[in-house]
Amino acid sequence: MTRARMPRPHEVAAARRDPRLLRALTERQFDDAWRTRGVCQSVDPETFFPAPSEPADSAVALCRTCDVQGPCLAWALEVGDCHGVWGATTPRERRAMLVAWRAQVQRDEDAVDGAGPPVRDQLLTLESVNTR
Ligand code: SF4
């Protein structure tokens, strides 16, 4: 078994502005009710767990039609080390997203009562600072 390498800074920077991550941050839910609304409920589960050497395109395409893509990706990032396609992302894509996710969630927890700007605004502000 090979160990996944840590994502590089430019990969994390790209993940930070990925619309899928921004959606997950704004649509995050604290219960599992979203699961019953997933498109994958009516598809063979194997579709969402391709072997590492197989393409994940069909699963990602199905996720892109799913109304609960945001909460689904948020869940996968909360869990951290999960296999398969979740919220239209592959495990490899989520490795870089996870670094950005944990940093943002920590900032949100530090802000406690939501006195700061919305999460999406904070991420976009951070990105504009980082690209100067
Ligand atoms: S985003 Fe994909 S994996 Fe998540 S619930 Fe929807 S279809 Fe299923």
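A short reminder: the numbers here are calculations on the coordinates, not readings from a lab. If you're wondering where the values come from, they're calculated on a predicted model, not measured in any experiment. Please note: Cβ atoms are built from the backbone with ideal geometry, for glycine as well, and neighbour counts cover all protein chains shown.
What FRET efficiency do you get for D57 and R107 if R0 is 30 Å and r is their Cβ-Cβ distance, rounded to the nearest 0.05?
It comes to 0.35.
Taking the simple approach of a point 7 Å from Cα along Cα-to-Cβ for both D32 and M6, what is their distance in nm?
Spacing of the two 7 Å Cα→Cβ label points: 3.3 nm.
In sequence order, what are the phi-derived ³J(HN,Hα) couplings for the stretch 5-16 according to the Karplus relation 6.51 cos²θ - 1.76 cosθ + 1.60 with θ = phi - 60°, rounded to whole Hz, with x for glycine and proline?
Result, rounded to whole Hz: 6, 5, x, 7, x, 5, 6, 5, 4, 5, 4, 4.
Report ³J(HN,Hα) in whole Hz for each residue of the stretch 53-59, in order, from the Karplus equation J = 6.51 cos²θ - 1.76 cosθ + 1.60 where θ = phi - 60°; Gly and Pro get x.
Once θ is set to phi - 60°, the couplings for the stretch 53-59 become 8, 9, x, 9, 4, 5, 5 Hz.
Net charge near G38: determine it from the other residues with C-beta under 11 Å of the C-beta of G38, scoring Lys and Arg +1 and Asp and Glu -1.
So the surrounding residues net to 0.
Order of 70-78, 99-107, 40-48, 82-90 by packing, highest average Cβ count within 10 Å first? Please report the intermediate quantities before stating the final value.
Working: 70-78: 22.7, 99-107: 17.0, 40-48: 12.1, 82-90: 20.3.
Ranking, from highest mean packing down: 70-78, 82-90, 99-107, 40-48.
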